[in-house]
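Below is one structure; the comments refer to it alone.
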Amino acid sequence: MRMKPWAFCGVLAFVLAAYLTKTSFMGKEEKTFVIAVVQFTSNNLDTLEGFKTGMTEAGYEEGRRVKYLIPDPAQSRAELDRHLVQVLAQKPDLLFVSPTLAAVAAKAATVENRVPVVFAPVNDPVSSGVVANIQTPEANLTGVRLAPSEGRRLQTLLSLVPNATKVFVPYNPKESSAMESLHQIHDAAMALGIEIEATPIGASHDFPITIALIPAGAGAIFMPREGLVMSRFKELLAVADTLGIPLSTPRLDQVEHGVTTGFGFIGTEIGIQAARMATLLLEGVPPSRIPVETAQDYLFVNLEAAARIGLEVTESSLRQASRVIVVRRTEQTP
Amino acid sequence: MTRLRTLLNTIFLALALIPLLALGAILGLTLYKSQIDSAYQSAKALSTSVGIKAEDILGTIVTDVRSITRYKDFFSADPRVQRDLLMELLASVPSVLEITYAGPDGRQKIKVSGFKVYPLDDPQDLSARPEFAEALQSKSIACGPIETDPNIGEPLLPLAIALNDLVHGEVKAIMLCKVRLRVFLDLVQDYSQPPDVHVLITGLDNRILAATDFSQVLAGKHFSAANAPSLGSGLDGKPAVSVASTVEMGRHLLNAVAVISSHEALAPFYKSMRVYGIILILTLAAATLLAVLSRRRIVTPIQTLTDTAISIQAGELAAQAPGGAFYETKKLAEAFNSMTGQLVGTMNKLKEQIAGREKAQQELAASRERMDMALNAVSDGLWDWRLDTGEVYYSPRWFAMLGYQPEAFPSNYETWKNLIHPEDVSRTLEIVGEHLVSGEPFEAEFRMRTSDGGWKWILGRGQVMEKDAQGRALRILGTHMDITERKHADEFILESKARYRRIVENSADGIFLADLDGNIVDVNSASVRMLGYTRAELLDMNVADIDLNIPSSDFKQIWKISPDEQAQTIYTVHKCKNGTIKDVEVRACRFMESDNIFVLGLVRDVTERKITEEALKKSQNQLANAVKIAQLGHWELDIEEGKFTFSDSFYSIFRTSAEEMGGYVMSIEDYVNRFLHPDDRFMVYEEARKATTSIDLEYKCYFEHRFVTTDDKTGYLAVNYHIVKDSSGKTVKIYGVNQDITEAKNAAQALMAAKEAAEAATRAKSEFLANMSHEVRTPLNGVLGMLQLLQTTEQTDEQKEYVVRAIKSTSRLTRLLADILDISRIEAGKFQLIEEEFSLSALKESIHDLFMIAAKEKRIEFAFTIDPTAPPRLIGDETRVRQILFNLAGNAIKFTEHGSVRIHAAPLPSKGNQARILFTVRDTGIGISDEQLKDIFEPFVQAEESYTRKYQGAGLGLSIVRKLVKLQGGELAIDNTPGEGTLIYLSLPFKLPLAHEGQVGALRQPLLEAPNRPVRILFADDDEISLVSGKKLLEKSGYAVLTAKDGQEALHRLSEQDFDLILMDIQMPVMDGVAAAKAIRTQGPFAAKSTIPIIAMTAYAMVGDKEKFLAAGMDGYISKPVDMAELREVINRVRAKQSRSTS
């Protein structure tokens, strides 16, 4: 049936009026974003906590403006790949991954769909192949990397044992992060005038970590920033305690669990830092316009651990420390 | 011409829109300006606030950095202390990444960083940096150009802070701080309200130093504020209001910028405009509504009346004009409608007349059409035969049926008769004739020729229609029907029946037909053959008579309810006429024929097949058992699908089942992740890759790898597989068998460990023996030396006897040592035979000389004779032959108290250059009993075994003899009578030398001319007793001897004096004998004496030691303990060789 012109004009006028009324007097409907979180090992749960806090502070409240897909932390590369396939099948708006291995896996998994990825932390995103350029990441990944501060950590360790002339550094020769750490440590050792005794250790968990491994005259033990050595910090701590020498780690939680000193990032902080980048991505800024940022490092000292080996921490070191652990954190049983 | 409707619409719209549009424009412009001004004022206030906060932040940094001067001794402190203080400062000011402490001269003193380590002595010159110069000049602070740190990729603000003398105001130092621009991040985040309100900190060059989107900072973007109440370009290039305020620390350092997007700034304006738009649209709608209402009440009736008039003008007389709401329009419409009503009444009458006429014509046409259709519907041909006139009418269809044109033949009886097939004419005419008599309607089937020469079957029907008064037929009317197809169908059915009968009869399987009661109604020949009954016998039988499993009652029950033509397969047994029972497969079905129900069965004799199947089943069971016992599991890999298909036995290897794994198919990844040991996955992938890429069509492979069971146990698999390729050569499938070889592997590993342990024990034993030999021989050498020296002195007879006995004891000890080593070597498989030519008579002499004295002492007869036919020279290991005979002769003398010991050598028959010599050793001693005989060849066993043993010895002699004989390929036999003596047969193989080699032995021992002076010997040995005794013995033998205690001293002696020969011990302190010999042979200072003969005199007496020392450059070798006579012989031999080579 043919509509009469005046009736058509009337309907059109009504629709226009309704639209203008709606846009003028009613608010916009907010979209709920889906963020998938994939983690390798449970070492970075505090980072995730910081990330969620940062997102909430930026107005992306969980359950209202954002929904998280969080599988259990993967324990192997194969499991990581499986988790990525699972979460990507649900078409998330953003992927938050930590640490390096998860970022490498996420890059491979998002080659086709180009889902934006925020990583935190990654030790060296360029050498690990996550991004080619930290200023303008050319792919769909950006995030927070760690400062190249291994040399500075060596300096903080030596400030505890100023008379040490030799520092023992166990490392995994197959890990690129360890090699980068060694490079920084060697540069710093030259500036500080001390000797580094770097010893490769086997990847097997049966590889014995005993006093026999520690070279004669070593005044301290320095764990480079890589997974294998740090995963055996308790054995290294036992050896260090037996020898009465301090142990250094880049992780705050390990200092909280008895390691003498540490210098590195705080997980919740870099999580918040990553959340700020995530909000930019959700607002439509392409990852290539968001340069990779660098985490802030802090000094941690465990006075109880120092006392255990008879080490007197100088007042200067305490003044430099941002976290001083006086009582060891109680082990939590899952 | 303007229409009334258009005029009214225009008037209403103009009245509504013009005032509204004018008012809207004026109000909108005013509101726009007001909002821009308001946004500008807000931005200005915001930027000012941010500027003040930024000044506070910078001020805090400056204050913190200047606080370093509170440490009174900072400037005079040790650099290490200064560094610690600066690091404390750095830790307390996290917004500063680096601090460089420099003197007023610009020389860097200390530099500390949050992530890097700088050496203390790194005297950089900072005076050229602009911020340094500016701070120094202003004695205050200064900012430098933004820098990006290459290590962390972050922009930094260089901030130079002058530290002044509090009293004099002079600049004492400049602290150059690298401020992380992130320090302003919290500030801008607090004041920004994205996405519409942004706050920035920019440098003097307008570079963005802090923004909520920190990437803009890292990317080095610039932004210049408009600083005017107007819309400029915002951060994202969209219109915005922006204002910059200065950040000053005594001087302009930075800018604080506030940017408010047009969206935010003009939000009230936009909202007002929307409200205005709504009002405008509603007004427009109201005006339109008024126009429409006016038109409906006034214009529409006039318009309708006009349209009605136009319609009537066009011929539509039924058109009626509506009255309208007004009087004038109503009356006008009534008059109009009255006129058109009369006109319409006249026209309707005319139309009715025309319609009646048309209806009559249509009925006539329909009648004609139906008649034509009836005629065409008759497919039979019609004929009408007037018997009285002979005329026949043939209808067109009659002709067309046979393919002829109508009227193709004359209309008479002959036409019909001539077209009938000759074979059918008489029968057809006979039927027609009978009809003429009976008068009953007739039917006859006959063939008629068609126009193309063929024949068609026709069914002719006819009946007399008229008769005369006598009852004779005058007219017959009939039809022809074409029944050719029906006739062909009947023939086909008959042929089919015959064919099926033949098939049934020729079928190899038995076929039977039975009714529901099981009574057999038909069978074929195969059934007859199969069962042995005749066909007639079978047709009298019931199915139950043959089938032993189905009674007739069951038969009916089964087939009564079975659906028609749905075949069932039954395996049963049939009894033959001769009583044999046959396994049969019956495939039967029920079918209806002429309202009767039958069962049709196809019977196949499967007796042979059943036997074969049972055999196959048995074989499969055996195979399954074998697979289970051998722990085999087979699998199939579909390469294209990437799927494994497994068997139950395969899963059982992994302690699981198909049920647990969700079926027999699994992806490659699942299989690898579930069952393969992680360390072997790469190896398995490589094997799979090799298989899939191999171009060998028969590629087969075997390899072993570890696996992990579902209960996390590790085992070993042996994998055998072969590949299948498609026509293009691409590998499509792999078939394989896995075998659990865990137990075998574990056993092999345990065996290997045991073997290694055994070998290690053997090595330890050999090393022990070597050390023991060396350590025993060294003191023994001293003992023997001293005894030999004692022999050279004046002694009483009693003393002589003691000395002789002592020397014998040492000899026996030496021999025992040699025997133990020999046993050890033989058991270790390291014993080596040396083949060289020797004289049989010389062998005889050496044995004879050795035992003659002992025999004389025991007052028994001793003889060694050689058969004259025996070859004089032989090739073999003379030393070992002598050792065998030495042991046998020694035993014979030892165990013989009276009578004789006789040795005889005689040749046995042999071929070519081979010789076999039979040695017999006969004694008249105590003999050996049969019980003892089986043990005496074992080590450490003697025939006489008691604590009061009469005969000495370790019991190794015969054991070695047996092993040596065996090693040389000889044989040993004992003929004995206890108490009457023993006869031992020993046969040994030798090679015969060639004739010209007969003189070689003669050349070995040249006679040396007696020297004019004593032979000068340098004797090196670290064992003092050996050195003293050896020196004395040599001197007593006529040699001039000088001693050395080690190799080094020997070299020293040699460099000072000339010697004819060196006796060199091997193991010595400072320098061993081998090193000393090498030095003599190779070093420059000894070049003139490098050829001096050197004899190794050592306690190293293991196999290979002699060769080792000779290879090290020595000319002779004698093992300790040294017999002086033997030593003299070696010295002579070496010197003879030396003289030959020099001459």
Ratio to report: Rg/Rh of the protein assembly as shown, with Cα atoms as the point set and Rh obtained by the Kirkwood method; give two decimals. 1.23
If I model a spin label as a point 7 Å beyond the Cα along the Cα-Cβ vector, how far apart are those points for B:HIS222 and B:SER379 in nm? 10.2 nm
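Taking region B:744-806, which GluC sites (Glu not before Pro) meet the DSSP loop condition and have no more than 13 other C-beta atoms within 10 Å? Please report the intermediate quantities before stating the final value.
Details: sites: B:GLU756, B:GLU759, B:GLU767, B:GLU775, B:GLU794, B:GLU798, B:GLU801; in loops: B:GLU794.
Passing both the DSSP loop test and the Cβ count: B:GLU794.
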Describe numerically, in nm with one decimal, the distance between label points set 7 Å from Cα along Cα→Cβ at B:PHE75 and at B:THR572. 12.7 nm
Using the basic label-point model (7 angstrom from Cα toward the beta carbon), what is the B:ALA615 to B:ALA318 distance in nanometres? 9.8 nm
Region B:1123-1140 scanned against label point 7 Å out from B:SER811 along Cα→C-beta; backbone N under 18 Å for B:1123-1130
Please arrange B:CYS177, B:CYS589, B:CYS576 by counting, for each residue, the other beta carbons lying within 10 Å of its beta carbon, fewest first. B:CYS576, B:CYS589, B:CYS177
Expressed in nm to one decimal, what extension gain is obtained for the pair B:GLU608 and B:GLU1056 from 0.36 nm per residue of sequence separation less their Cα-Cα distance? 150.4 nm
Counting other beta carbons within 10 Å of each Cβ, put B:MET1068, B:MET592 in order, fewest first. B:MET592, B:MET1068
Which residue, chosen from B:PRO195, B:MET175, B:LEU157, occupies the Cα position most advanced towards the positive end of the dipole of region B:83-223, where the dipole is computed from +1 (Lys, Arg) and -1 (Asp, Glu) charges on Cβ about the Cα centre? B:MET175
Given charges at Cβ of Lys, Arg, Asp, Glu: chain A dipole, positive-most of A:LEU192, A:ALA139, A:GLY217: A:ALA139
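Can you compute the charge dipole magnitude of the protein assembly as shown about its Cα centre, using +1 on each Lys and Arg Cβ and -1 on each Asp and Glu Cβ, nothing else charged? Give it in debye, rounded to the nearest 20.
So the dipole magnitude of the protein assembly as shown works out to roughly 2820 debye.
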Which percent, to the nearest 5, of DSSP beta bridges fully inside chain A are antiparallel? 10 percent
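Could you calculate the FRET efficiency of B:LEU15 with B:ASP190 from 1/(1 + (r/R0)^6), where r is the beta carbon distance between them and R0 is 45 Å, rounded to 0.05?
Numbers: r = 55 Å, r/R0 = 1.23.
Computed FRET efficiency for B:LEU15 and B:ASP190 comes out at 0.25.
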Would you order A:ILE309, A:ILE266 from fewest to most other beta-carbon atoms within 10 Å of each residue's own beta-carbon? A:ILE309, A:ILE266
How high is the relative contact order of chain B? Use alpha-carbon pairs under 8 Å, at least six apart in sequence, and give a whole percent. 4 percent
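Could you compute the FRET efficiency for A:VAL15 and B:LEU7, with r as their C-beta to C-beta distance and R0 at 22 Å, rounded to 0.05? Working shown, then result.
On the way: r = 29 Å, r/R0 = 1.30.
Given R0 = 22 Å and the Cβ-Cβ separation, E is 0.15.
Using a simple charge model, +1 on the beta-carbon of Lys and Arg, -1 on the beta-carbon of Asp and Glu, nothing else, what dipole does chain B show about its Cα centre, in debye to the nearest 20? Provide the component values of the computation, followed by the final result.
Working: 131 positive and 151 negative charges, 528 e Å.
My answer is approximately 2540 debye.
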Rounded if a/c under 1.5, otherwise prolate or oblate - chain B, Cα gyration tensor axes: oblate
What is the distance in Å between the Cα centres of region A:117-139 and region B:753-784? 66 Å
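Which entries of B:LYS808/B:LYS894; B:LYS1045/B:LYS1078; B:LYS966/B:LYS991; B:LYS560/B:LYS610; A:LYS234/B:LYS116 show an alpha-carbon separation above 20 angstrom in the structure shown? Mind dumping the intermediate values first?
Values: B:LYS808/B:LYS894 14 Å; B:LYS1045/B:LYS1078 17 Å; B:LYS966/B:LYS991 17 Å; B:LYS560/B:LYS610 30 Å; A:LYS234/B:LYS116 28 Å.
Correct reply: B:LYS560/B:LYS610; A:LYS234/B:LYS116.
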Once Lys and Arg are counted +1 and Asp and Glu -1 for all other residues with Cβ under 11 Å from that of B:ASP1065, the total becomes -3
Which of the chymotrypsin sites (Phe, Trp or Tyr not before Pro) across region B:44-78 are loop residues per DSSP, with 16 or fewer other Cβ within 10 Å? B:TYR71, B:PHE75
Give a residue-ordered list of calculated ³J(HN,Hα) values for region B:394-400 (Karplus: 6.51 cos²θ - 1.76 cosθ + 1.60, θ = phi - 60°; whole Hz; x for Gly, Pro). 10, 6, x, 5, 4, 5, 4
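Among DSSP beta bridges lying fully in the protein assembly as shown, give the percent that are antiparallel, nearest 5.
The antiparallel fraction comes to roughly 75 percent.
Rounded to the nearest 0.05, what FRET efficiency do B:ILE629 and B:THR48 have when you use their Cβ-Cβ distance and R0 = 56 Å? If you can, show how the numbers build up before the last one.
Details: r = 94 Å, r/R0 = 1.67.
Efficiency for this residue pair is about 0.05.
Explain nothing, just the number: dipole magnitude of region B:641-698 about its Cα centre with +1 on each Lys and Arg Cβ and -1 on each Asp and Glu Cβ, in debye rounded to the nearest 20.
Working: 6 positive and 12 negative charges, 19 e Å.
Using only the charged Cβ atoms, the result is roughly 80 debye.
Each reported figure results from applying straightforward, stated rules to the coordinates on display, with no laboratory input. Model, not experiment: these values are computed from the prediction. Glycine also receives a Cβ, built like all others from the backbone with ideal geometry; neighbour counts cover every protein chain displayed.
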